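Engineer: Sharing a structure, written as C-alpha cells. Questions coming.
The values are calculated or read from the model by the stated rules, or taken from the named source; none is laboratory data. All of these numbers come straight from a predicted model, not from anything done at the bench. With ideal geometry, Cβ positions are generated from the backbone for all residues, glycine too; neighbour counts draw on all protein chains shown.
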Amino acid sequence: MTPTKTHYPVLDGLRGLAILLVVVYHNFGFINYFFFGWLGVDLFFVLSGFLITDILMKTVNRPHFLRNFYMRRVLRIFPLYYGSLVLFLLILPACGILTAQLAYYRDNQWWLWTYLQNWLYIFKPTDANILHHFWSLAVEEQFYLIWPLTILLLRKPSRLFALLAVVLVAVVVLRIVVWNYQLEELAYFNFYTFSRIDGICIGSMLALLRTIRIDFLRNYTAPVVLSLALANFIFFFINRYYGYTFPFLAFVGYTTFAVMFALLVNEGVENKSRLLRLLFDNGLMKFFGRISYGLYVFHWPVFILTAPYFQDLFTPALPLAEARIAASVAATLVGIGVSLISFRYFEQYFIRKKISYE
C-alpha cells in the first residue's frame, strides 16, 4: 500500500518546538522571557497547513479521497478531543472539581461540541480561560472540513494558491476595516486572536508552491525576507504617523511570523541544514512532537488544577518567586505525564487504525 505522505523528520521536531512554546507561554507566563511563546500556535498552524495540503495534493486523484482523508482525521482528532470534553464538561463538574472555572463552557457547551468555540470566545467573551486554548483546535477543524472539498473542486495547484492568496489578503483587509470602524462592544483582541488563519493559509501555500515550482524558495528566499522587512518597515512609519494606534499583530505581525515559519518549515523539508537536523531531528524534540496533541489539550487544565497545590507545597521552603517556578515545573511535568499516558494507552489505539485508510 502506497503511503499517503512523505515523512519529514525535522518537522516532527518542529512540532515539538511548537508545543514547548505554547507550554512555557501558559505555564511560565509570569516570566517575561517567555512572552513570545504564543508563537507556538502559529507554528502549529503553518505545520498543519503544509502537511495536510501536502497529503491532499498527493492523494486527490486516488479512490475514496474524501472518505480516507476524513476518516484519518477523525481517528486522530476526535477520540481525544471529545474524550476531553466528556472529562471537562461532564465528569469533573459532576465530581465537584473545577466547577466555577468550567461553568462558562458548560453553559455554552454546544459551541465546543460542534468545533465553533473560537467564535464563542469572540462573541461571548469571558474571564474564564481554562479551555480557551481549544480555540485553535476549532480553527484547524474548520480548515480540515473545508479544504479537502476545495482541493477536490479546483485541483490545480496554481488555482488553489491564488485562492489562498486572496483569502489571506481579504482577512488582513477585514481586520483593518473592522478596526477603522471601531465597533462598540467588539473584543478586538479576541477577534484578531481567535479568527487568525494566516499560518494555515501560508503553510498550505508553501505546499502548493513546492508542487508548482519546488525550487522557488531556493532561489528567492532573500527577496521574500526583504519584502517582509519592507512591509514591516512601512507599517512602522504609518503607525507612528497615526500615534501607534494600529495593532501590529493583526495588520502585519501574524502574517509576517507565519511566512518566517513557512521558510523554516521549507528548510526542514529540504533537510539540507545540519543545524536544523541537530536542533529538531533528535529524540527529545521528536518525543514532544509525538505527544504534542495530548500535551496541548491537557497542559493548561492540569496546570490550573495542580499548580496551586504545588505552590502551597513549596512556599514554606522557598522564596515566593522560586516557589512559583518550582510549582510551574512540577505542574508541567504532571501535564507531560498525563499526555504521555494519553498517547500510549489511548491515542495510539486509534492511530493504528488509520492504516486502513491510507
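Engineer: Which of (1) touching a residue at least 60 places away in the same chain (Cβ under 8 Å); (2) touching a His at 6+ places or on another chain (Cβ under 8 Å) is the odd one out, the single condition residue 339 does not satisfy?
Structural biologist: Among (1) touching a residue at least 60 places away in the same chain (Cβ under 8 Å); (2) touching a His at 6+ places or on another chain (Cβ under 8 Å), residue 339 violates only (1).
Engineer: Can we say residue 329 is free of Cβ contacts under 8 Å to residues at least 60 places away in the same chain and either over 22 Å from the mean Cα position of the chain (by Cα) or not in a helix (DSSP H, G or I) (or both)?
Structural biologist: The answer is yes for residue 329.
Engineer: Quick one: would you say residue 257 is in contact (Cβ under 8 Å) with a residue 40 or more places away in the chain and either more than 21 Å from residue 160 (Cα to Cα) or more than 20 Å from the chain's Cα centre (by Cα) (or both)?
Structural biologist: yes
Engineer: What about residue 150, is it modelled with pLDDT of 95 or more, surrounded by fewer than 18 Cβ atoms within 10 Å (Cβ to Cβ) and within 17 Å of residue 197 (Cβ to Cβ)?
Structural biologist: Criteria met by residue 150.
Engineer: Further, regarding this structure: Mind checking which helices (runs of 4 or more DSSP H) fall wholly inside the stretch 107-191 and carry at least 3 residues that are in contact (Cβ under 8 Å) with a residue 40 or more places away in the chain and farther than 29 Å from residue 76 by Cβ?
Structural biologist: 157-181
Engineer: Any idea which of 96, 83, 49 is without any contact (Cβ under 8 Å) to a residue 60 or more places away in the chain and in the same structural domain as residue 136 (by TED's automatic domain parsing)?
Structural biologist: Only one candidate passes the filter, namely 96.
Engineer: When only residues in the stretch 237-296 that are among the charged types (D, E, K, R) and part of a helix (DSSP H, G or I) count, which is surrounded by the fewest Cβ atoms within 10 Å (Cβ to Cβ)?
Structural biologist: Applying the filter and picking the extreme gives 274.
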